[in-house]
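In what follows, a structure is listed as structure tokens, so that the remarks can point back to it.
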Amino acid sequence: MAMTMKLNIVSAEKEIFSNLAEMVIAPGEMGDLGIMPQHAQLLSTLKAGEVIITEQGGNQESIYISGGLLEVQPHVVTILSDTALRASDLDEGAAQEAKQRAEEMLGDQDSEIDFAAAEAQLAEAIAQLRMIENLRKKKGGH
């Protein structure tokens, strides 16, 4: 039996995942972070993207996060994110609309918008769409 660690993924609204995992891959600000049992303690910021979880027994699950923090302790890994959604809960139409709105806001030179907020919304929408596309490829879809 493979070694495991406790993984908790928590959004601002609720706990999304709490189970044993053999491995976690998270989208770190400077690149993807692969965490396995007995990893050195670590605290890192995360960007919007896909968290890939290899659960005990080898089953894989994907969870979208909007960014956040990753904390690795000796036997527990915790991911805190404002938004966290299981792959099955992603809405491609809503992500496309959010992307379009953010692009329009950034393209409107006359409006008084918060460019940082618009860019963050655009990055989140693109990350969701990228994750949806990757999941399609894994399933053999188009």
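Key figures
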{"quantity": "Residue within the range 42-60 that is of a type in the set (A, V, I, L, M) and either without any contact (Cβ under 8 Å) to a residue 24 or more places away in the chain or touching a helix residue (DSSP H, G or I) at 6+ places or on another chain (Cβ under 9 Å) (or both) present", "calculated": "yes"}
{"quantity": "Residues (surrounded by fewer than 19 Cβ atoms within 10 Å (Cβ to Cβ) and touching a Ser or Thr at 6+ places or on another chain (Cβ under 9 Å)) located in the range 37-46", "calculated": "P37"}
{"quantity": "Residue check for T83: surrounded by fewer than 17 Cβ atoms within 10 Å (Cβ to Cβ), closer than 14 Å to I9 by Cα and out of contact with any Lys or Arg (no Cβ under 8 Å at 6 or more places or on another chain)", "calculated": "yes"}
{"quantity": "Residue pairs meeting the criteria (Cβ under 8 Å; at least 6 apart or on separate chains; first surrounded by fewer than 15 Cβ atoms within 10 Å (Cβ to Cβ) and of a type outside the set (A, V, I, L, M), in the range 123-137; second modelled with pLDDT under 80 and not in a helix (DSSP H, G or I))", "calculated": "R136/H142"}
{"quantity": "Qualifying residues in the range 46-95 (those that are out of contact with any Asp or Glu (no Cβ under 9 Å at 6 or more places or on another chain) and of a type in the set (G, A, S)) - the one modelled with the highest pLDDT", "calculated": "S81"}
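The values are calculated or read from the model by the stated rules, or taken from the named source; none is laboratory data. Small disclaimer: the values here were computed from a predicted structure and weren't measured. Because the Cβ atoms are built from the backbone with ideal geometry, glycine has one as well, and the counts that use them run over all protein chains shown.
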